[in-house]
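See below for the structure under consideration.
Since every read-out is calculated from the coordinates, none of them should be taken as a lab result. Only a predicted model underlies this, so the values are computations on that prediction, with no experimental measurement involved. Every residue, glycine among them, receives a Cβ derived from its backbone with ideal geometry; neighbour counts consider all protein chains shown.
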Amino acid sequence: MLQNLTVPYELLDRSCEKTTCSHQMAIKNFYERLVEVLTCAARESIPLMHVSNVKPYWTAELQQLKEDSIQVHTAWVDIGKPRSGLINKLRLQAKYNYKRALKHGAFNFE
């Protein structure tokens, strides 16, 4: 799209008088087209993410702890969500490890 944008070079060497500007509309049209092209390019090339999804302290270790916690939680759900026993203990430990590492990462980042 940017290659289709025509730059009005002839406007660059014109001077305006104090009260009127004969090429104001041409400048306005070029500006609007430039903004349109840049907005379209941004939409196509910059991924949109919710601000809460961006965690600059996120690491491969945090990702692994999250996946471990989800995996144990899924297994816990599959066997009927017992409130005691080995699987519940593993679930709580995985959740604790993930939450602790998450808080630690956020705290150390600030």
- When a footprinting reagent is the concern and you count Cβ atoms within 10 Å, what order do Y9, Y31 take, fewest first? Y9, Y31
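Which trypsin sites (Lys or Arg not before Pro) in the range 17-80 pass both tests, a DSSP loop state and at most 14 other beta-carbon atoms within 10 Å?
K18
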- Least to most buried among R91, R83, by other C-beta atoms within 10 Å and fewest first, runs R83, R91
- Message: Can you sort W58, W76 from fewest to most other Cβ atoms within 10 Å of each residue's own Cβ?
- Response: W58, W76
- Task: When a/c is below 1.5 the answer is rounded, else prolate if a/b is larger than b/c, else oblate, so apply that to the chain with a ≥ b ≥ c taken from the square roots of the Cα gyration tensor eigenvalues.
- Result: prolate
- Query: What cysteines in the chain have no other cysteine with a beta carbon less than 4.7 Å from their beta carbon?
  - Reply: C40
- Task: Whole Å is fine, so just give me how far the alpha carbon centre of the range 49-65 lies from that of the range 1-41.
- Result: 42 Å
